[in-house]
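The values are calculated or read from the model by the stated rules, or taken from the named source; none is laboratory data. As the structure is a prediction and not an experimental result, all values here were calculated from the model. Side chains are part of the model used for accessible areas, which takes the heavy atoms of the whole protein and leaves out ligands, DNA and RNA. Shrake-Rupley method; radii C 1.70, N 1.55, O 1.52, S 1.80 Å.
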Amino acid sequence: HSAVPQPVLGPDGKSPLSNVTALAAGGLHSVAATRDGQIYAWGYNGTGQIPCGKRGGFWDDKGPRDVPLPAAALAEGAKRAIAPAAGMAVAAGYEATYALANDGGVWASGWSLYGELGNGSSGVNRDTLGAVLTGRTVSWEKPSPGIWRASLVYRYTDEAHAAEGVKDLEVTDV
């Protein structure tokens, strides 16, 4: 912990993370997109919100629970770090990571107890970025420089909302 701002080191642990075009801070992790479209995340990884292909939870130790340096994101099914979303924007939810692609598609990883990843399932966490399935175009308005307006991205897939016929992605300003 530090009361003094510290530079975010890059994946090599030596030089600062650079060429960042978008940055988001969640409750327990952070995520950044770089000019070349790569997505990096670091911090707590208990539910796969650091999309590096492994997560460290309390009940099974598949990977690191704490990721102290930015880790390059993996796309679902990929074995090496790639720029899956050509990230224009990123969001860090409670225990989920979202990236907005240049083509308007949304990618997500992490916690999905209530269907937050928008892939049609609930109760299954994802430790790589996977496409959010939606029936309509997602708009994600960037705020003007100096203006803070967090957006919450979520999908209704729980039984209560599915029974009401809600099936597509919602983007809500908070």
Report task. Name the residues whose placed amide hydrogens come within less than 5 Å of the amide hydrogen of ASN119, ignoring near sequence neighbours (fewer than 5 apart) on the same chain. Result -> LEU133
Report summary line: Extension length gain for SER2 and ASN102 (0.36 nm per residue less Cα distance), in nm, is 32.5 nm
Report summary line: Length-normalised contact order of the stretch 1-56, Cα under 8 Å, at least 6 apart, in percent, tallies to 18 percent
Query raised in the report: Just how much of LYS54 is accessible, in Å², when a 1.4 Å probe is used and the result is rounded to the nearest 10?
Result: 110 Å²
Report summary line: Once THR21 and SER121 are pulled to full extension, the length gained, defined as 0.36 nm per residue separation minus their Cα-Cα distance, is 32.9 nm
